[in-house]
Structures are given as structure tokens and as C-alpha cells.
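The values are calculated or read from the model by the stated rules, or taken from the named source; none is laboratory data. These numbers were taken from a predicted model, which means no experiment stands behind them. FYI the Cβ positions are ideal-geometry reconstructions off the backbone, even for glycines, and counts take in every protein chain you see. Ligands, DNA and RNA are stripped out before the accessible areas are found, and what is left, the full protein with its side chains, is counted by its heavy atoms. Shrake-Rupley method; radii C 1.70, N 1.55, O 1.52, S 1.80 Å.
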Amino acid sequence: MTETFAGELQIIDKPILWSDFREQLIREYAATHYNLDRIYIIPQAVVVHWTTSDTLESAYQHFYNEARADGTLNVASHFLVSREGRIYRLTPETALNRHIIGYNWCAIGIENVGGVNGVEDLTDAQLEANVELIKYLHKKYAAISYVFGHYQQDVAKSSGLYIENVPNYRSEKVDPGHIFMAALKSRLQGENLKFYDD
């Protein structure tokens, strides 16, 4: 199913595997990391990523299964944006997905195909798609106030949104690159969203 919204935004549904088992894993993750009993979120932030893979299908397959090899909730994001700027919705927009440590309980994730070997190569079409998608999300979910890149996870703690119960559970990230986030910030001025400087 493809949805068309005001303007040119189109979102194509391409769901990953969703089942009672995924919901059980989400509840376990939320309990362990946030002391919460939930599978859905009230979105307060949008976090932008890149996949470190060069094809849409490889990224999709990476997110598809419910569990990782260790039996815990697999990583996933709400949206996946192709190199050509097509937007795919992988899960319900308010699902609790595992895409950024400390913020999964309140953040919608957008993955962009690219960033192989840390190269800042996201496309102009992806920038346009992210701009329009973030505008759509901000209009739909009034509580969204913040937009930040995965690499900005530490500075974003000043938002007060960061929660993590597992000691020393963290990862270093560079996605989606400084250039892309600076362009997003510039393009979304006037949208009453809070961004972070690098």
C-alpha cells in the first residue's frame, strides 16, 4: 500500500516481520532498558541514521527478523529511505523499535541507505525525502520536539529524554554524517524543531 499525503510525500508500506513474538521481545527490551511495560511510544524525537549498506534490500533483510542471534529484540527502524528518495515504512510509526540506545522509548527512526565504510554519501533525493518525512511526522505527532543524528546521541542527552538502565551499554556512531544533518537543520528552520550543533 502506498499513501500519498499533502504535497508530494509518498510512503510505501514494506513491513518487516511483526508477530506476538516481536511484541514479547519489545516488552522485554523496554522492561530491561527503561523499566517500562510497553510496545508503543509517544514520539518525542526523530533520529536520523544511515544503514552502512549500499542496497535497500540488504538493509531491509537486516531489520526483517524479530530476534538477534543472542535472542534479544532485533534492530529495526520505522522508515527506510532508498538512494532515490523513496520512503518505506517498516513498522507502525509508534512501535518501540531498537535503533538508538537510550531513546528507543520515545524516538522514531529514519534509516537512509548508504554510509558504507563511513563515507558521507547520502543523496539529494534522500535529503528531500527526509525533510518531507520529518515535516509529516512533526505535524502528525505534536510531542515531537527534537531531531538529531545517531552520532549526536551524547549531546542529545540535554533533551532530558535519555534513559538507559544497563550500565556501560552504549555504542559509538558517526551516522548520518555532519553534512547531512547540517543540511536537514538548514532546510527545517522555521519548523519549531530543536537540532544540535556538531
Item to complete: Can you give me the number of residues within the stretch 37-73 that are in contact with a Lys or Arg (Cβ under 7 Å, 6 or more places away or on another chain) and among the β-branched types (Val, Ile, Thr)?
Response: 1
Worksheet item: Quick one: in the stretch 40-90, which of the residues that are basic (Lys, Arg) and over 28 Å from residue 27 (Cβ atoms) is most open to solvent (accessible area, probe 1.4 Å)?
Response: 86
Worksheet item: Do we find a residue being buried (at least 18 other Cβ atoms within 10 Å of the Cβ) and of a type in the set (A, V, I, L, M, F, W, C) anywhere in the stretch 160-177?
Response: no
Practice prompt. Considering each residue of the stretch 26-66, count those that are in contact with a helix residue (DSSP H, G or I) (Cβ under 7 Å, 6 or more places away or on another chain), of a type in the set (D, E, K, R) and touching a residue at least 24 places away in the same chain (Cβ under 8 Å), and give that number.
Written response: 3
Discussion item. Within the stretch 147-159, take every residue that is outside any loop (DSSP other than H, G, I, E, B) and free of Cβ contacts under 8 Å to residues at least 40 places away in the same chain and give me the one that is least open to solvent (accessible area, probe 1.4 Å).
Written reply: 151
Response to the item:
From the option list 142, 107, 125, single residue qualifying as among the aliphatic types (A, V, I, L, M) and without any contact (Cβ under 8 Å) to a residue 40 or more places away in the chain is 142
Fill in: Selected residue [crowded, with 18+ Cβ neighbours inside 10 Å, of a type in the set (A, V, I, L, M, F, W, C) and assigned to a helix (DSSP H, G or I)] from 134, 144
134
Worksheet item: What number of residues within the stretch 91-125 satisfy the criterion of being open to solvent by less than 20 Å² (accessible area, probe 1.4 Å), of a type in the set (S, T, N, Q) and assigned to a loop (DSSP other than H, G, I, E, B)?
Response: 3
Worksheet item: Taking the stated definitions as given, is residue 102 within 22 Å of residue 180 (Cα to Cα) and either at pLDDT below 95 or within 18 Å of the chain's Cα centre (by Cα) (or both)?
Response: no
Practice prompt. Quick one: in the stretch 178-190, of everything that is assigned to a loop (DSSP other than H, G, I, E, B) and open to solvent by 60 Å² or more (accessible area, probe 1.4 Å), which residue is modelled with the lowest pLDDT?
Written response: 190
